[in-house]
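Structure record follows, encoded as C-alpha coordinates.
The values are calculated or read from the model by the stated rules, or taken from the named source; none is laboratory data. Since the model is a prediction, treat every value here as computed from it, not as a measurement. Note that we place each Cβ from the backbone using ideal geometry, even for glycine, and neighbour counts take in every protein chain shown.
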(Lines give C-alpha, C1' and ligand atoms only; values in the text may rest on other atoms or scores of the structure.)
Protein backbone atom coordinates (compact mmCIF):
# COMPACT_ATOMS: atom_id res chain seq x y z
CA UNK A 1 0.00 0.00 0.00
CA UNK A 2 3.04 2.24 0.30
CA UNK A 3 3.58 5.06 -2.16
CA UNK A 4 6.77 7.03 -2.69
CA UNK A 5 7.19 10.06 -0.45
CA UNK A 6 8.35 12.94 -2.66
CA UNK A 7 11.88 14.02 -1.87
CA UNK A 8 12.60 11.28 0.69
CA UNK A 9 15.68 9.22 0.01
CA UNK A 10 16.52 7.91 3.47
CA UNK A 11 19.74 6.20 4.34
CA UNK A 12 20.86 2.95 5.90
CA UNK A 13 20.25 0.93 2.74
CA UNK A 14 22.19 -2.03 4.09
CA UNK A 15 19.17 -3.87 5.30
CA UNK A 16 20.02 -6.19 8.17
CA UNK A 17 18.07 -9.45 8.09
CA UNK A 18 17.92 -9.40 11.86
CA UNK A 19 15.83 -6.22 11.80
CA UNK A 20 12.04 -6.82 11.80
CA UNK A 21 9.83 -4.68 9.54
CA UNK A 22 9.39 -1.04 10.56
CA UNK A 23 12.36 -1.11 12.94
CA UNK A 24 15.42 1.17 13.02
CA UNK A 25 18.76 0.21 14.49
CA UNK A 26 19.93 2.35 17.42
CA UNK A 27 23.19 2.58 19.30
CA UNK A 28 21.84 4.00 22.55
CA UNK A 29 19.17 2.42 24.74
CA UNK A 30 15.93 4.44 24.67
CA UNK A 31 13.45 4.18 27.55
CA UNK A 32 9.72 3.45 27.35
CA UNK A 33 7.91 3.97 30.66
CA UNK A 34 4.51 5.29 31.65
CA UNK A 35 5.47 6.81 35.00
CA UNK A 36 8.26 7.42 37.49
CA UNK A 37 11.02 4.85 37.89
CA UNK A 38 10.45 2.84 41.09
CA UNK A 39 13.29 2.67 43.60
CA UNK A 40 13.62 -1.00 44.61
CA UNK A 41 16.16 -2.22 47.17
CA UNK A 42 17.31 -5.79 46.50
CA UNK A 43 16.91 -6.39 50.25
CA UNK A 44 13.14 -5.96 49.73
CA UNK A 45 12.98 -7.70 46.36
CA UNK A 46 11.29 -11.02 45.68
CA UNK A 47 10.09 -12.89 42.60
CA UNK A 48 6.98 -15.01 42.99
CA UNK A 49 5.12 -17.41 40.69
CA UNK A 50 1.53 -17.98 41.83
CA UNK A 51 -0.55 -20.84 40.44
CA UNK A 52 -4.26 -21.61 40.25
CA UNK A 53 -4.07 -23.61 43.47
CA UNK A 54 -2.78 -20.55 45.33
CA UNK A 55 0.68 -22.10 45.62
CA UNK A 56 3.47 -19.54 45.58
CA UNK A 57 7.01 -20.25 44.44
CA UNK A 58 9.09 -17.36 45.72
CA UNK A 59 12.75 -16.34 45.70
CA UNK A 60 14.35 -13.47 47.55
CA UNK A 61 17.41 -11.79 46.01
CA UNK A 62 19.98 -14.11 47.59
CA UNK A 63 17.98 -17.23 46.74
CA UNK A 64 17.54 -15.94 43.19
CA UNK A 65 21.26 -15.31 42.78
CA UNK A 66 21.95 -18.89 43.91
CA UNK A 67 20.00 -20.27 40.93
CA UNK A 68 21.78 -21.27 37.70
CA UNK A 69 22.61 -18.06 35.83
CA UNK A 70 22.78 -17.86 32.04
CA UNK A 71 24.55 -15.43 29.71
CA UNK A 72 22.22 -14.34 26.94
CA UNK A 73 23.10 -12.50 23.74
CA UNK A 74 20.02 -11.43 21.84
CA UNK A 75 18.38 -8.78 19.65
CA UNK A 76 15.68 -6.60 21.22
CA UNK A 77 12.86 -4.74 19.47
CA UNK A 78 10.78 -1.92 20.94
CA UNK A 79 7.28 -1.14 19.70
CA UNK A 80 8.41 2.49 19.26
CA UNK A 81 10.44 1.37 16.21
CA UNK A 82 13.94 0.95 17.60
CA UNK A 83 15.96 -2.26 17.75
CA UNK A 84 19.29 -3.17 19.27
CA UNK A 85 21.23 -6.16 17.98
CA UNK A 86 23.45 -8.50 19.96
CA UNK A 87 22.68 -7.11 23.42
CA UNK A 88 24.27 -8.92 26.37
CA UNK A 89 22.33 -9.97 29.46
CA UNK A 90 22.65 -12.25 32.48
CA UNK A 91 19.67 -13.79 34.13
CA UNK A 92 17.81 -16.88 35.28
CA UNK A 93 15.88 -18.89 32.70
CA UNK A 94 12.13 -19.17 33.18
CA UNK A 95 12.63 -22.92 32.61
CA UNK A 96 14.60 -22.96 35.87
CA UNK A 97 11.96 -20.92 37.70
CA UNK A 98 9.11 -23.12 36.43
CA UNK A 99 10.92 -26.44 37.09
CA UNK A 100 8.84 -27.23 40.19
CA UNK A 101 5.71 -25.30 39.26
CA UNK A 102 2.61 -27.43 38.78
CA UNK A 103 0.03 -25.66 36.61
CA UNK A 104 -2.53 -26.55 33.96
CA UNK A 105 -3.01 -22.94 32.86
CA UNK A 106 -1.54 -21.58 29.63
CA UNK A 107 -1.30 -17.84 30.26
CA UNK A 108 0.55 -15.60 32.67
CA UNK A 109 0.27 -12.03 33.89
CA UNK A 110 3.62 -10.43 34.72
CA UNK A 111 3.38 -8.05 37.67
CA UNK A 112 5.89 -5.30 38.33
CA UNK A 113 6.86 -3.10 41.24
CA UNK A 114 5.04 0.16 40.56
CA UNK A 115 1.87 -1.68 39.53
CA UNK A 116 2.39 -2.33 35.81
CA UNK A 117 1.31 -5.59 34.24
CA UNK A 118 1.70 -7.33 30.91
CA UNK A 119 0.25 -10.63 29.74
CA UNK A 120 2.46 -13.36 28.22
CA UNK A 121 1.43 -16.88 27.16
CA UNK A 122 3.37 -19.54 29.09
CA UNK A 123 4.61 -20.99 25.77
CA UNK A 124 6.44 -17.70 25.15
CA UNK A 125 8.30 -18.02 28.45
CA UNK A 126 9.53 -21.63 28.31
CA UNK A 127 12.00 -23.69 26.23
CA UNK A 128 14.87 -21.22 26.45
CA UNK A 129 12.89 -18.21 25.26
CA UNK A 130 12.76 -16.02 28.39
CA UNK A 131 14.70 -14.99 31.49
CA UNK A 132 14.51 -12.80 34.54
CA UNK A 133 17.55 -10.62 33.84
CA UNK A 134 19.52 -8.54 36.31
CA UNK A 135 22.61 -7.55 34.29
CA UNK A 136 22.90 -5.66 31.04
CA UNK A 137 26.17 -5.17 29.17
CA UNK A 138 28.17 -6.45 32.13
CA UNK A 139 26.65 -4.07 34.68
CA UNK A 140 23.77 -4.31 37.15
CA UNK A 141 20.58 -3.36 35.32
CA UNK A 142 19.84 0.39 35.62
CA UNK A 143 16.56 1.26 37.36
CA UNK A 144 15.34 3.16 34.28
CA UNK A 145 15.85 -0.02 32.24
CA UNK A 146 14.00 -2.15 34.80
CA UNK A 147 16.54 -2.89 37.53
CA UNK A 148 17.07 -4.61 39.79
CA UNK A 149 15.48 -7.25 37.53
CA UNK A 150 13.24 -7.38 34.49
CA UNK A 151 11.64 -10.05 32.40
CA UNK A 152 13.55 -10.69 29.15
CA UNK A 153 11.34 -12.10 26.37
CA UNK A 154 13.32 -10.93 23.36
CA UNK A 155 11.25 -12.63 20.65
CA UNK A 156 8.33 -10.31 21.52
CA UNK A 157 8.24 -6.50 21.50
CA UNK A 158 10.14 -5.22 24.49
CA UNK A 159 7.20 -3.96 26.56
CA UNK A 160 6.53 -7.67 27.22
CA UNK A 161 9.93 -7.78 28.94
CA UNK A 162 8.34 -6.26 32.05
CA UNK A 163 10.62 -3.87 33.92
CA UNK A 164 10.90 -4.10 37.73
CA UNK A 165 9.25 -7.52 37.56
CA UNK A 166 8.13 -9.05 40.84
CA UNK A 167 6.22 -12.08 39.72
CA UNK A 168 4.02 -14.09 37.41
CA UNK A 169 0.44 -15.07 38.03
CA UNK A 170 -0.99 -18.05 36.14
CA UNK A 171 -4.18 -17.24 34.20
CA UNK A 172 -6.78 -19.40 32.47
CA UNK A 173 -7.32 -16.83 29.70
CA UNK A 174 -5.11 -14.38 27.85
CA UNK A 175 -6.29 -11.20 29.56
CA UNK A 176 -4.73 -7.85 28.63
CA UNK A 177 -2.28 -6.23 31.03
CA UNK A 178 -1.63 -2.52 31.56
CA UNK A 179 0.13 -1.90 28.25
CA UNK A 180 -2.32 -4.01 26.29
CA UNK A 181 -5.31 -2.18 27.81
CA UNK A 182 -3.66 1.03 26.66
CA UNK A 183 -3.44 0.09 23.02
CA UNK A 184 -0.61 -2.39 22.58
CA UNK A 185 -1.19 -5.74 20.91
CA UNK A 186 -2.15 -8.75 23.00
CA UNK A 187 0.90 -10.78 21.87
CA UNK A 188 3.41 -8.43 20.21
CA UNK A 189 5.40 -10.47 17.65
CA UNK A 190 7.80 -7.98 16.00
CA UNK A 191 8.13 -10.10 12.84
CA UNK A 192 4.38 -9.81 12.30
CA UNK A 193 4.40 -6.12 13.39
CA UNK A 194 1.88 -6.85 16.13
CA UNK A 195 2.30 -3.36 17.61
CA UNK A 196 -1.22 -2.14 18.29
CA UNK A 197 -4.60 -3.77 18.39
CA UNK B 1 -10.71 1.15 25.88
CA UNK B 2 -14.27 2.24 25.37
CA UNK B 3 -14.89 5.16 23.08
CA UNK B 4 -11.28 5.34 21.93
CA UNK B 5 -10.85 5.64 18.15
CA UNK B 6 -9.26 2.53 16.66
CA UNK B 7 -5.85 3.10 15.09
CA UNK B 8 -5.33 2.42 11.41
CA UNK B 9 -3.22 3.38 8.42
CA UNK B 10 -4.25 6.58 6.66
CA UNK B 11 -3.01 8.73 3.78
CA UNK B 12 -2.16 12.25 4.94
CA UNK B 13 -1.79 15.26 2.65
CA UNK B 14 0.28 18.19 3.88
CA UNK B 15 -2.00 21.24 4.05
CA UNK B 16 0.64 23.66 5.30
CA UNK B 17 4.03 23.84 6.94
CA UNK B 18 5.58 26.68 8.84
CA UNK B 19 8.71 27.29 10.84
CA UNK B 20 7.90 26.71 14.52
CA UNK B 21 11.34 27.50 15.98
CA UNK B 22 14.77 27.81 14.32
CA UNK B 23 15.01 24.02 14.67
CA UNK B 24 11.42 22.84 14.27
CA UNK B 25 8.54 22.91 11.80
CA UNK B 26 4.80 22.82 12.35
CA UNK B 27 3.06 20.45 9.93
CA UNK B 28 -0.68 20.56 9.30
CA UNK B 29 -2.04 17.39 7.76
CA UNK B 30 -5.36 16.49 6.23
CA UNK B 31 -5.71 12.83 7.07
CA UNK B 32 -8.14 10.83 4.99
CA UNK B 33 -10.44 8.82 7.25
CA UNK B 34 -8.88 10.07 10.50
CA UNK B 35 -11.22 9.10 13.37
CA UNK B 36 -10.21 12.06 15.54
CA UNK B 37 -7.89 11.80 18.53
CA UNK B 38 -7.58 12.46 22.23
CA UNK B 39 -5.28 15.20 23.54
CA UNK B 40 -1.86 13.64 24.16
CA UNK B 41 -1.99 10.79 21.64
CA UNK B 42 0.67 10.16 19.00
CA UNK B 43 0.94 8.66 15.53
CA UNK B 44 3.49 6.85 13.41
CA UNK B 45 4.73 8.47 10.19
CA UNK B 46 6.03 6.19 7.41
CA UNK B 47 8.14 7.54 4.56
CA UNK B 48 8.95 5.51 1.45
CA UNK B 49 11.96 6.16 -0.81
CA UNK B 50 11.87 5.49 -4.59
CA UNK B 51 13.56 2.10 -4.15
CA UNK B 52 10.95 0.96 -1.61
CA UNK B 53 13.07 1.66 1.48
CA UNK B 54 10.84 2.80 4.33
CA UNK B 55 11.44 4.62 7.61
CA UNK B 56 8.87 4.90 10.40
CA UNK B 57 8.92 7.23 13.42
CA UNK B 58 6.46 8.20 16.16
CA UNK B 59 5.37 11.81 16.72
CA UNK B 60 3.11 13.37 19.31
CA UNK B 61 0.03 15.15 18.00
CA UNK B 62 -0.39 18.84 18.87
CA UNK B 63 -4.10 18.85 18.05
CA UNK B 64 -7.11 16.88 19.29
CA UNK B 65 -10.78 16.36 18.77
CA UNK B 66 -12.87 15.34 15.80
CA UNK B 67 -12.07 16.13 12.21
CA UNK B 68 -9.39 15.19 9.73
CA UNK B 69 -6.94 18.05 10.39
CA UNK B 70 -3.96 16.82 12.42
CA UNK B 71 -1.13 19.11 13.58
CA UNK B 72 2.43 17.96 14.31
CA UNK B 73 5.45 19.97 15.42
CA UNK B 74 8.70 18.20 14.63
CA UNK B 75 12.14 18.98 16.05
CA UNK B 76 15.11 18.35 13.76
CA UNK B 77 17.55 15.88 15.30
CA UNK B 78 21.15 16.51 14.24
CA UNK B 79 21.80 13.00 12.91
CA UNK B 80 18.21 12.09 12.21
CA UNK B 81 17.01 10.32 9.10
CA UNK B 82 13.34 11.30 9.15
CA UNK B 83 13.13 14.56 11.11
CA UNK B 84 15.44 16.56 8.76
CA UNK B 85 13.20 15.55 5.86
CA UNK B 86 10.03 16.55 7.72
CA UNK B 87 11.51 19.84 8.98
CA UNK B 88 13.37 21.02 5.88
CA UNK B 89 11.97 19.24 2.82
CA UNK B 90 8.27 18.52 3.35
CA UNK B 91 5.88 21.04 1.75
CA UNK B 92 2.19 21.57 1.10
CA UNK B 93 0.69 18.96 -1.21
CA UNK B 94 3.12 16.18 -0.24
CA UNK B 95 1.59 12.91 0.91
CA UNK B 96 2.62 10.69 3.81
CA UNK B 97 1.36 7.54 5.42
CA UNK B 98 0.34 7.82 9.07
CA UNK B 99 -0.81 5.17 11.55
CA UNK B 100 -2.89 6.18 14.50
CA UNK B 101 -4.17 7.57 16.74
CA UNK B 102 -1.97 5.74 19.25
CA UNK B 103 -1.71 5.57 23.04
CA UNK B 104 -4.49 5.59 25.61
CA UNK B 105 -2.61 6.41 28.80
CA UNK B 106 -0.84 9.73 28.25
CA UNK B 107 -4.07 11.58 27.45
CA UNK B 108 -6.21 14.29 29.02
CA UNK B 109 -9.98 14.50 28.77
CA UNK B 110 -12.21 17.32 30.07
CA UNK B 111 -13.45 17.11 33.65
CA UNK B 112 -16.99 16.89 32.29
CA UNK B 113 -16.03 13.51 30.77
CA UNK B 114 -13.81 12.08 33.50
CA UNK B 115 -15.51 13.58 36.55
CA UNK B 116 -12.00 14.26 37.89
CA UNK B 117 -11.71 17.85 39.15
CA UNK B 118 -8.15 17.59 40.49
CA UNK B 119 -5.72 20.20 39.18
CA UNK B 120 -3.37 19.29 36.34
CA UNK B 121 0.35 20.02 36.21
CA UNK B 122 2.02 19.80 32.81
CA UNK B 123 5.84 19.67 32.69
CA UNK B 124 7.65 19.90 29.35
CA UNK B 125 11.27 19.74 28.27
CA UNK B 126 11.90 21.18 24.78
CA UNK B 127 9.81 19.55 22.04
CA UNK B 128 8.14 17.45 24.75
CA UNK B 129 5.66 20.31 24.96
CA UNK B 130 3.78 19.06 21.88
CA UNK B 131 1.31 16.62 23.53
CA UNK B 132 0.97 19.01 26.49
CA UNK B 133 0.02 21.83 24.12
CA UNK B 134 -2.71 19.54 22.79
CA UNK B 135 -3.97 19.11 26.37
CA UNK B 136 -3.85 22.86 27.14
CA UNK B 137 -5.59 23.60 23.85
CA UNK B 138 -8.32 21.01 24.51
CA UNK B 139 -8.72 22.43 28.02
CA UNK B 140 -9.26 25.93 26.63
CA UNK B 141 -11.53 24.73 23.83
CA UNK B 142 -13.75 22.95 26.36
CA UNK B 143 -13.72 26.00 28.70
CA UNK B 144 -12.81 23.39 31.31
CA UNK B 145 -12.67 24.68 34.90
CA UNK B 146 -9.80 22.38 35.96
CA UNK B 147 -6.81 24.45 37.14
CA UNK B 148 -3.92 23.85 34.71
CA UNK B 149 -0.28 24.81 35.11
CA UNK B 150 2.49 24.31 32.60
CA UNK B 151 6.16 24.31 33.57
CA UNK B 152 8.09 24.51 30.30
CA UNK B 153 11.86 24.21 30.02
CA UNK B 154 13.42 25.59 26.82
CA UNK B 155 16.93 26.52 25.72
CA UNK B 156 16.22 30.11 24.63
CA UNK B 157 13.21 32.38 24.00
CA UNK B 158 13.48 31.50 20.29
CA UNK B 159 12.90 27.83 21.09
CA UNK B 160 9.41 28.24 22.57
CA UNK B 161 6.91 26.16 20.60
CA UNK B 162 3.45 27.63 19.93
CA UNK B 163 4.80 31.03 21.02
CA UNK B 164 1.90 32.90 19.43
CA UNK B 165 -0.75 30.68 21.08
CA UNK B 166 0.20 30.60 24.75
CA UNK B 167 -1.02 34.12 25.57
CA UNK B 168 -4.45 33.37 24.13
CA UNK B 169 -4.64 30.06 26.00
CA UNK B 170 -3.65 31.78 29.27
CA UNK B 171 -6.29 34.46 28.67
CA UNK B 172 -9.07 31.93 27.96
CA UNK B 173 -11.69 31.16 30.59
CA UNK B 174 -10.12 27.78 31.33
CA UNK B 175 -7.49 28.52 33.98
CA UNK B 176 -3.89 28.07 32.78
CA UNK B 177 -0.68 29.37 34.32
CA UNK B 178 2.53 29.18 32.33
CA UNK B 179 5.99 29.09 33.93
CA UNK B 180 9.03 29.13 31.65
CA UNK B 181 12.55 28.01 32.50
CA UNK B 182 15.35 29.01 30.11
CA UNK B 183 18.38 26.75 30.15
CA UNK B 184 20.78 28.66 27.82
CA UNK B 185 19.57 32.23 27.30
CA UNK B 186 16.75 34.23 28.92
CA UNK B 187 14.74 37.17 27.60
CA UNK B 188 16.11 40.61 28.52
CA UNK B 189 15.28 41.55 32.08
CA UNK B 190 14.36 37.98 33.11
CA UNK B 191 14.44 37.48 36.86
CA UNK B 192 16.66 34.38 36.92
CA UNK B 193 19.91 33.46 35.15
CA UNK B 194 19.69 30.69 32.53
CA UNK B 195 20.02 27.19 33.91
CA UNK B 196 18.42 23.78 34.11
CA UNK B 197 15.33 23.33 36.19
CA UNK B 198 16.11 22.49 39.83
CA UNK B 199 14.16 20.60 42.44
CA UNK B 200 13.53 23.86 44.30
CA UNK B 201 12.24 25.54 41.12
CA UNK B 202 10.01 22.55 40.46
CA UNK B 203 8.62 22.69 43.99
CA UNK B 204 8.01 26.44 43.71
CA UNK B 205 6.27 26.28 40.32
CA UNK B 206 4.31 23.03 40.47
CA UNK B 207 0.90 22.39 41.97
CA UNK B 208 1.68 21.21 45.53
CA UNK B 209 1.53 17.47 46.16
CA UNK B 210 -1.08 18.08 48.87
CA UNK B 211 -3.57 19.06 46.14
CA UNK B 212 -3.06 15.64 44.49
CA UNK B 213 -2.61 17.05 40.97
CA UNK B 214 -2.51 14.80 37.96
CA UNK B 215 0.93 15.34 36.43
CA UNK B 216 1.99 14.85 32.82
CA UNK B 217 5.73 14.99 32.09
CA UNK B 218 7.18 14.87 28.56
CA UNK B 219 10.72 15.43 27.33
CA UNK B 220 14.01 13.63 26.88
CA UNK B 221 14.63 10.56 29.02
CA UNK B 222 17.10 12.47 31.23
CA UNK B 223 14.63 15.31 31.78
CA UNK B 224 11.71 12.99 32.51
CA UNK B 225 13.73 10.77 34.87
CA UNK B 226 14.98 13.78 36.83
CA UNK B 227 11.63 15.53 37.10
CA UNK B 228 9.65 12.37 37.90
CA UNK B 229 12.11 11.39 40.66
CA UNK B 230 11.82 14.87 42.19
CA UNK B 231 8.04 14.77 42.03
CA UNK B 232 8.02 11.50 43.98
CA UNK B 233 10.46 13.00 46.51
CA UNK B 234 8.17 16.03 46.86
CA UNK B 235 5.32 13.73 47.88
CA UNK B 236 3.43 13.23 44.61
CA UNK B 237 1.84 9.81 44.23
CA UNK B 238 3.70 7.79 41.56
CA UNK B 239 0.36 6.72 40.09
CA UNK B 240 -0.58 10.39 39.56
CA UNK B 241 2.51 10.97 37.40
CA UNK B 242 2.29 10.02 33.74
CA UNK B 243 5.38 10.24 31.58
CA UNK B 244 6.25 10.21 27.92
CA UNK B 245 9.78 10.36 26.53
CA UNK B 246 11.17 10.91 23.11
CA UNK B 247 13.99 8.62 22.10
CA UNK B 248 17.43 9.42 20.87
CA UNK B 249 16.89 8.85 17.19
**Request:** Look through region B:221-231, keep the residues that are under 15 Å from the mean Cα position of the chain (by Cα) and modelled with pLDDT of 95 or more, and return whichever of them is nearest to the other protein chains (Cβ to nearest Cβ).
**Result:** B:224
**Any chance residue B:12 is touching a residue at least 60 places away in the same chain (Cβ under 8 Å), closer than 19 Å to residue B:83 by Cα and surrounded by fewer than 16 Cβ atoms within 10 Å (Cβ to Cβ)** = no
**Asked** Tally time: how many residues in region A:120-144 are closer than 16 Å to residue A:31 by Cα and crowded, with 20+ Cβ neighbours inside 10 Å?
**Response** 2
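Each row is one residue, and each column tells you yes or no for (1) more than 24 Å from residue B:106 (Cα to Cα); (2) away from chain B (no Cβ under 14 Å).
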site	(1), (2)
A:164	no, no
A:169	yes, yes
A:177	no, no
A:184	no, no
A:187	no, yes
**Request:** Look at residue B:234 and say whether it is farther than 28 Å from residue B:78 by Cα, within 14 Å of chain A (Cβ to nearest Cβ), more than 16 Å from the chain's Cα centre (by Cα) and touching a residue at least 40 places away in the same chain (Cβ under 8 Å).
**Result:** no
**Those residues of region B:201-228 which are surrounded by fewer than 16 Cβ atoms within 10 Å (Cβ to Cβ) and free of Cβ contacts under 8 Å to residues at least 60 places away in the same chain, in sequence order** = B:203, B:204, B:208, B:210, B:222
**Complete:** Residues of region B:75-89 being away from chain A (no Cβ under 14 Å) and out of contact with any strand residue (DSSP E or B) (no Cβ under 6 Å at 6 or more places or on another chain), in sequence order, are B:76
**Message:** Residues that are at pLDDT 95 or above, within 15 Å of the chain's Cα centre (by Cα) and not assigned by TED's automatic domain parsing to the domain that holds residue B:218: does region B:2-23 have at least one?
**Reply:** yes
**Request:** Output the residues belonging to region B:29-60 that are buried (at least 19 other Cβ atoms within 10 Å of the Cβ) and either more than 14 Å from chain A (Cβ to nearest Cβ) or free of Cβ contacts under 8 Å to residues at least 12 places away in the same chain (or both).
**Result:** B:31, B:34, B:39
**Request:** Looking for whichever is within 14 Å of chain B (Cβ to nearest Cβ), over 30 Å from residue B:228 (Cα atoms) and either in a strand (DSSP E or B) or touching a residue at least 12 places away in the same chain (Cβ under 8 Å) (or both) here; the options are A:39, A:16, A:71. Which one fits?
**Result:** A:16
**Item:** The one condition in (1) in contact (Cβ under 8 Å) with a residue 40 or more places away in the chain; (2) under 13 Å from the mean Cα position of the chain (by Cα); (3) more than 14 Å from chain B (Cβ to nearest Cβ) that residue A:47 fails to fulfil
**Value:** (2)
